[in-house]
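Notes for the one structure printed next.
Please treat every number below as a calculation from the coordinates, not as lab data. Everything quoted here is computed from the prediction, not taken from an experiment. So basically every Cβ, Gly included, is an ideal-geometry build from the backbone, and we count neighbours across all protein chains shown.
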Amino acid sequence: MEVRIKAAGFVNVIVRKEMWPLGPWPKDERMKEIGRLGRSGLRNGFYAFSSALLRRVLGWDEEQVQKLCQEAVQELYHGGGQFYVTAWIPPLPQLLPAFQ
């Protein structure tokens, strides 16, 4: 990811890599809140992430896409897995040069 950020023209790149939970299962309160927010964002994005690929590339119909998204949300909320997402966080001032 750091190489891609530099290729986009950013300089003095320092990237912090973090593992964020998807769901409120961690014991640490900060991680629990991050997990709640991440799970909510993923739930709201399942359809947006998958619709074009499944419909245009794989030829699925709307009903099939909706069913898969519902199953994915059910697994996210009621499955037994503890999932993480890797977050790459560039320093804010490099993203917004006007604030330097």
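Placing +1 on the Cβ of every Lys and Arg and -1 on the Cβ of every Asp and Glu, with no other charges, gives the chain a dipole of roughly 300 debye about its Cα centre. Quick check for you: which residues of segment 25-44 have the amide N under 13 Å from the point 7 Å beyond the Cα of residue 73 toward its beta carbon? Only 40-44 fall inside the zone, counting backbone N under 13 Å. The Cα trace of segment 19-87 gives Rg and Dmax of 13.7, 43 Å, the first to one decimal, the second as a whole number. Entry note, the chain: the mean residue ellipticity at 222 nm calculated from DSSP H runs of n ≥ 4, each adding -39500 (n - 2.57), is -16000 deg cm²/dmol after division by the residues and rounding to the nearest 500. Dipole of segment 19-87 computed with +1 at Lys/Arg Cβ and -1 at Asp/Glu Cβ about the Cα centre; of 60, 23, 87, farthest Cα towards the positive end is 87.
Taking each residue as 0.36 nm, the span from residue 56 to residue 40 lengthens on full extension beyond its C-alpha to C-alpha distance by 3.2 nm. Taking Cα atoms only, the orientation of helix 62-78 departs from the longest principal axis of the chain by about 70 degrees. Against the chain, whose longest principal axis is taken from its Cα atoms, helix 29-52 shows a tilt of about 60°.
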